[in-house]
Amino acid sequence: MFAVVRSSIVAHEYVNNGSDIYRESFRIIRSEANLDRFPTDVEGVVVRMIHAAADPAIADDIAFTPAVVTAARRALGDGAPILCDSSMTATGIIRSRLPRDNETICYIKDPRLADIAQAKDMTKTCAAVDLWTEEGKLDGAIVAIGNAPTALFRVLEVCEETGARPAAVVGIP
């Protein structure tokens, strides 16, 4: 059973072509965000971070290491994996834009995580970072953190504790 409510329907004009929407979104971001302090290559990454977060104001909080984009491109070109904190982040990786068949790794659904997290008194995303480390995946990888600040903190801790060095870390939790 269903009910229909009669009302006046107002037709709205809107862009319904995916490519046009994409271009317009990036145009709006570039017009609203303060991007002046970023080198051109980093600016492109910052624009995508803003797009993912839907918040141009985050540009003011973004820190970066000079040559990070060059290092990331080199690593991806060499086949480095992309380590992701969440399924959403992993799904957001546009495979057709990768230079090689780079593996995208997300352990959030791995059945081992709950036990590891409980034993170590940490979040499941922290446990995933520990698995990346134990399996030798962190060194030289691209790390993409989009949901879990604890994963980002754990990456920093593990790098300090073990000397592991990802090629690049992009974190916007």
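The values are calculated or read from the model by the stated rules, or taken from the named source; none is laboratory data. Quantities reported herein were computed from a predicted structural model and do not represent experimental measurements. Cβ: placed from backbone, ideal geometry, glycine included. Neighbour counts: every protein chain shown. SASA here: full protein model, heavy atoms, side chains in, ligands and nucleic acids out. Shrake-Rupley method; radii C 1.70, N 1.55, O 1.52, S 1.80 Å.
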For residues that are more than 14 Å from the chain's Cα centre (by Cα), assigned to a helix (DSSP H, G or I) and touching a residue at least 60 places away in the same chain (Cβ under 8 Å), scanning just segment 70-92, find the one that is surrounded by the fewest Cβ atoms within 10 Å (Cβ to Cβ). ARG74
Give the number of residues within segment 14-63 that are part of a loop (DSSP other than H, G, I, E, B) and under 21 Å from GLY92 (Cα atoms). 5
With the first residue restricted to segment 12-26 and required to be closer than 15 Å to ALA54 by Cα, and the second required to be hydrophobic (A, V, I, L, M, F, W, C) and modelled with pLDDT of 90 or more, Cβ contacts under 9 Å at 6 or more apart or on different chains are PHE26/VAL47
Could you look through segment 136-171, keep only residues that are among the acidic types (Asp, Glu) and either part of a helix (DSSP H, G or I) or open to solvent by less than 20 Å² (accessible area, probe 1.4 Å) (or both), and pick out the one that is farthest from ALA63 (Cα to Cα)? GLU161
Filter segment 93-112 for residues that are in contact (Cβ under 8 Å) with a residue 12 or more places away in the chain and charged (D, E, K, R); the one that is most open to solvent (accessible area, probe 1.4 Å) is LYS109
Go through segment 27-56 residue by residue and tally those that are out of contact with any helix residue (DSSP H, G or I) (no Cβ under 7 Å at 6 or more places or on another chain) and either in contact (Cβ under 8 Å) with a residue 12 or more places away in the chain or surrounded by 13 or more Cβ atoms within 10 Å (Cβ to Cβ) (or both). 8
Does VAL129 satisfy being in a helix (DSSP H, G or I) and crowded, with 19+ Cβ neighbours inside 10 Å? yes
Return yes when PHE2 is of a type in the set (Phe, Trp, Tyr), modelled with pLDDT of 95 or more and either within 19 Å of the chain's Cα centre (by Cα) or open to solvent by 50 Å² or more (accessible area, probe 1.4 Å) (or both) and no when it is not. no
Working carefully through the options ALA59, ALA75, ALA71, ALA80, find the one that is aliphatic (A, V, I, L, M) and within 29 Å of GLU24 (Cβ to Cβ). ALA59
